[in-house]
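Chemist: Got a structure here, written out as structure tokens. Questions coming.
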Amino acid sequence: MSAFSLDDMALFVEVARAGNFSRACVKLGIPNATLSRRIATLERELGVRLFERSTRRVTMTSAARGWFDRCAPIIDELRVAHEALRGEDAELEGSVKISTPVDFGITYLGEWLPEFCRRNPRVTLDLDLSPRQVDLFAEAVDVAIRLEPPHDERLVVRRIGSIPRGLFAGPAYLERHGVPRTLEDLASHRCLFIGSAAKGVTWRLGPPGAEHRVAVQGQVGLNNMSLTRILAERDLGIALLPVDLARPSLMGGTLAQVLPRVPMGGWPVHVVTTSRQQRAPVRALVEFIERRLKAASA
């Protein structure tokens, strides 16, 4: 077997992660024909077929998967080492593509990111605010913020904090239907929740290890916290909301807190990446969000 370069190994890792030659070319900044030729040459040198190719996607062969597991950490570590040569005091520079739920982006990142941008003027941010679970590999996303961790063994998932939450309802709703005195009372109320109204959901309320499960029903199921808050203000039911999202409405009198003395716990916040080793701008952004999230939860 002929010797191959670390550059070829890096090309293999990028194609494997992208699942597509065209997307890998965009990230690498090289022509498709060049990348295809380099990968074909690498396969000949290794004596192993690395990818099964189709018109839209390439998938690793079983032999390539094991090699990828060994190669990817090496390439990532080399990139981090290369950045370290610039020195710890070098100004951060580069782009970061981040995917986040809509409400987390508006409620939290909208408040925090101006400070990050002022501190790091040479870092550009591309934000994708969406309720969908984006494919980090296919869409070249550097980091995703998730409340529910994805079930993909290729991804690296780390919990960085939690979002304080509470139960809220419009004063007129509580006047008409009564104020719940216990968590069990919620089962007889009309609730607003993320999920399907036809199926209902189970709220797990309380601190970790002492959660109380309550099956709730309602007329409207949603996938957006801001709209949930608006409908709660319009007296359509009791909503489980981030405290920070509900605070302006609470102060304005359009929402009232339900069971304020009962611990509700928080929604766990996870950072999701494709590798444990990240470029300096990505690491800086994640660390910044983690610090701000912990301060907000204190």
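Chemist: Where both partners of a DSSP beta bridge lie in the chain, what percent of those bridges are antiparallel, to the nearest 5?
Modeler: Once the DSSP bridges in the chain are tallied, antiparallel ones form about 65 percent.
Chemist: Moving on. Could you tell me which label, among [x] 54, 44, 40; [y] 48, 44, 35; [z] 78, 44, 33, carries the value of Cα extents along the principal axes in Å calculated for this structure?
Modeler: Entry [z].
Chemist: List the lysines whose Cα lies under 25 Å from the Cα of LYS97, skipping any in the same chain that are fewer than 8 positions away.
Modeler: Within the straight-line limit of under 25 Å, LYS97 reaches these lysines: LYS27, LYS294.
Chemist: Shifting gears a bit: Pick from ALA172, ALA63, ALA232: which is most flexible by mean-square fluctuation in a GNM of the chain where alpha carbon atoms under 10 Å apart are linked?
Modeler: Its mean-square fluctuation being the largest, the pick is ALA63.
Chemist: In whole angstrom, note down how far apart the Cα centers of region 1-80 and region 122-181 are.
Modeler: Each part's Cα centre sits 33 Å from the other's.
Chemist: Order of ASP76, ASP69 from fewest to most other C-beta atoms within 10 Å?
Modeler: Fewest to most other Cβ atoms nearby, the residues stand as ASP69, ASP76.
Chemist: Using every Cα-Cα pair within region 163-265, state what percent have a distance larger than 21 Å.
Modeler: Of all Cα-Cα distances in region 163-265, 25 percent exceed 21 Å.
Chemist: Follow-up question, since we're still on this one. Mind sorting GLU290, GLU52 by how few other Cβ atoms lie within 10 Å of their own Cβ, fewest first? Intermediate values should be presented prior to the final figure.
Modeler: Details: GLU290 16, GLU52 11.
Going from sparsest to densest Cβ surroundings: GLU52, GLU290.
Chemist: Right, something else. Please figure out what share of the DSSP beta bridges in region 142-298 is antiparallel and state it in percent, rounded to the nearest 5.
Modeler: Of the beta bridges lying entirely in region 142-298, close to 80 percent run antiparallel.
Chemist: So if I place +1 on the C-beta of Lys and Arg and -1 on the C-beta of Asp and Glu, and nothing else carries charge, what would the dipole magnitude of the chain be about its Cα centre? I want it in debye, nearest 20.
Modeler: Approximately 440 debye in magnitude.
Chemist: Ignoring everything except DSSP H segments at least 4 long, calculate the 222 nm mean residue ellipticity for the chain; use -39,500 (n - 2.57) per segment, divide by total residues, nearest 500. Present the calculation step by step, with values, prior to reporting the outcome.
Modeler: Details: 9 runs with 113 residues, N = 298.
My calculation for the chain gives -12000 deg cm²/dmol from helical runs alone.
Chemist: Follow-up. Can you tell me which of 8-14, 149-155, 38-44 comes out highest on packing, and rank the rest after it, using the mean Cβ neighbours within 10 Å?
Modeler: On the way: 8-14: 19.9, 149-155: 12.9, 38-44: 16.0.
Answer by packing, highest mean first, reads 8-14, 38-44, 149-155.
Each reported figure results from applying straightforward, stated rules to the coordinates on display, with no laboratory input. What you see is a predicted model; the values in this text were computed from it and never measured. Using ideal geometry, Cβ is built from the backbone for each residue, glycine included, and neighbour counts are taken over all protein chains shown.
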